[in-house]
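Following: one structure in structure tokens, then a few remarks.
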Ligand code: CA
């Protein structure tokens, strides 16, 4: 039965390739608006492949009948050993990819020959204000240029042929609260990008820039400014800001408000709207600054006119957010048959655990369905889409910690989803991971570190193997094929841990995904049958893509474990498996048989801390300070992931002076560990040292790593 389809598949593929070749041979040099609007079958021209961000390739040369012949065609080692989140783009035989630290590389897409490389030389001390590792998700292509947004807030235009810098501009409001990790998008000849920073004091926005000069053309701020200013600066969006200002309490603007646009940007030519997702409200804990109300336009999808940035509609998925429920996840647009009617819809699977379907033109709510266990809401109003919030989830009101499902990492984070118009399924990289929230008492803002108003120490993982085993067992991942029309899972694959890779689907009835455990896997798109896998030696978080050149189809994936799950989640960081970083671009094709060099052995460290000589009160204070200032990079309960130093193993623990020199003196500034002297004093550094020694001794007694 299967074999009889092969001829048809190959014929369709040849035709698709021919059409692609016609589009490529047009007179216009470089990437055009027409090409972005109708991507040649063999190419991948923007982050989500096309404007609709479907991440669906029409290519069928690699398909369910021959995918077992897929082998390594070429690979390239990256020169940055941190989390790799980028999707490569391919145009005119050249593959463009970014790596951690916002570096850009261009390769001959057929042979892997390096063509050029660009390093924006992001200062490594930017790391302390990047919530989630030094990651970057990719470039944009337009005309003869490549656009990359650097972690430190610069938007940079490069020459597509040489990688030479054409212009570079700081586009963030300041370089203390904002970072950029997202891929720019091209919409109607402009470069669109926002920024991250909702764990700091950022005010979210999306802006459009002239590709020739970097001049800002329009900007939509997602959070209203101080009403005393009258909102005149918002121009066309004055009314939208007047309305939003009524949904906050107290002096929200002093904290920025959050709502940052750090990932999803989707353009819909049919309606001329740009849809984008916004991040959490800031601070997470509303009581930290007296925030009250829905806090628009945070945790929302917002639609604006593509030419002017003028507000069209919004839909808030998580009102009064206090759980870090960013709505920044990729927004995918498709025509879907719902209830016997063809609807032009936006599909969204944000952190909060519900699949939303909205009408693209009006933003009208069509449905929201939980695809994972949810306990922060008891249901969704079927008319309005508004969640009924579980009173226990308002942890700042109850004064009790709340363990939320999903947690702050989200049922779905930034890892790209894919939609196949052939199956009608939305393939969602899913996390099953709870998160404990506890409001900090007497919390005061300081100028450094996360500014979220939580007490991380109160809910940090205890040194208790039984509790840890329970938490590990409950923390897993899935690849979910969501049947959009029927609002239910068509199939699921259970994965060992959370934070697996993004997804690619193809017309060859294939779905590709990499895992946290380091396997690159192909499944059938319709049934989820595992057909092929390749051991990549390192965990995968990025999404695969595919392209075709000279009658051959290639599948590419950027490998390299890291990101927020690795740096922040302590003993759970390696739940998925191979928690080590080997950063490498891998490209596969049928019949290839390339081999990777043997992986170095896993580093086994033995705990050997000095004896604990402090007081319990001192260690507790140190734990609270660690929870506030250190845990988001060095890991919950002082257990790090694979990227940042595990401080229980630090050779400086025996010396109060050495720890002070780092924590207050900024001795390791160049490596990203800046001085915290604006918030901490000498006794604080000593308390943190005592906490670390205590933790190390506890874990030594447990004989953990
Ligand atoms: Ca966030």
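Looking only at the stretch 383-422, which residues are in contact with a helix residue (DSSP H, G or I) (Cβ under 8 Å, 6 or more places away or on another chain) and over 21 Å from residue 296 (Cβ atoms)?
Within the stretch 383-422, 391, 392, 398, 400, 401, 402, 404, 409, 413 meet the criteria.
Within the stretch 195-211, does at least one residue satisfy the condition of being assigned to a loop (DSSP other than H, G, I, E, B), crowded, with 17+ Cβ neighbours inside 10 Å and either away from the ligand (no atom under 16 Å from the Cβ) or not assigned by TED's automatic domain parsing to the domain that holds residue 308 (or both)? Explain how you work it out, then say what you get.
Residues of the stretch 195-211 assigned to a loop (DSSP other than H, G, I, E, B): 195, 197-202, 204, 210-211.
Going one step further and asking which of them are crowded, with 17+ Cβ neighbours inside 10 Å, we end up with 195, 197-202, 204, 211.
So of that shortlist, the ones also either away from the ligand (no atom under 16 Å from the Cβ) or not assigned by TED's automatic domain parsing to the domain that holds residue 308 (or both) come out as 211.
Within the stretch 195-211 (the criterion being assigned to a loop (DSSP other than H, G, I, E, B), crowded, with 17+ Cβ neighbours inside 10 Å and either away from the ligand (no atom under 16 Å from the Cβ) or not assigned by TED's automatic domain parsing to the domain that holds residue 308 (or both)), the answer is yes, since at least one residue qualifies.
How many of the residues making up the stretch 106-134 are touching a helix residue (DSSP H, G or I) at 6+ places or on another chain (Cβ under 8 Å) and within 16 Å of the ligand (Cβ to nearest atom)? Total meeting the criteria: 3. Within the stretch 397-424, residues that are in a helix (DSSP H, G or I) reach partners that are surrounded by fewer than 24 Cβ atoms within 10 Å (Cβ to Cβ) and at pLDDT 95 or above with beta carbons closer than 7 Å, at six or more positions or on different chains, in the pairs 398/392.
Residues in the stretch 245-268 that are within 16 Å of the ligand (Cβ to nearest atom), modelled with pLDDT of 95 or more and in a loop (DSSP other than H, G, I, E, B): 257, 259, 260, 261, 262, 263, 264. Of the residues in the stretch 92-112, none is in contact (Cβ under 8 Å) with a residue 12 or more places away in the chain, surrounded by fewer than 18 Cβ atoms within 10 Å (Cβ to Cβ) and over 30 Å from residue 38 (Cα atoms).
Applying a threshold of 6 Å to beta carbon distances and a minimum spacing of six or more residues, or different chains, the list of pairs starting in the stretch 254-266 at a residue that is closer than 10 Å to residue 199 by Cα and in the same structural domain as residue 299 (by TED's automatic domain parsing) and ending at one that is within 12 Å of the ligand (Cβ to nearest atom) and not in a loop (DSSP other than H, G, I, E, B) reads 258/281; 260/196. Does the stretch 222-244 contain any residue that is assigned to a strand (DSSP E or B), crowded, with 24+ Cβ neighbours inside 10 Å and more than 16 Å from the ligand (Cβ to nearest atom)? No, because not a single residue in the stretch 222-244 is assigned to a strand (DSSP E or B), crowded, with 24+ Cβ neighbours inside 10 Å and more than 16 Å from the ligand (Cβ to nearest atom).
Only one of 432, 358, 426 is surrounded by 18 or more Cβ atoms within 10 Å (Cβ to Cβ) and touching a helix residue (DSSP H, G or I) at 6+ places or on another chain (Cβ under 8 Å). Can you tell me which? Being surrounded by 18 or more Cβ atoms within 10 Å (Cβ to Cβ) and touching a helix residue (DSSP H, G or I) at 6+ places or on another chain (Cβ under 8 Å) holds for just one of 432, 358, 426, which is 432.
The values are calculated or read from the model by the stated rules, or taken from the named source; none is laboratory data. Keep in mind that this is a model prediction, so the values were computed, not measured. FYI the Cβ positions are ideal-geometry reconstructions off the backbone, even for glycines, and counts take in every protein chain you see.
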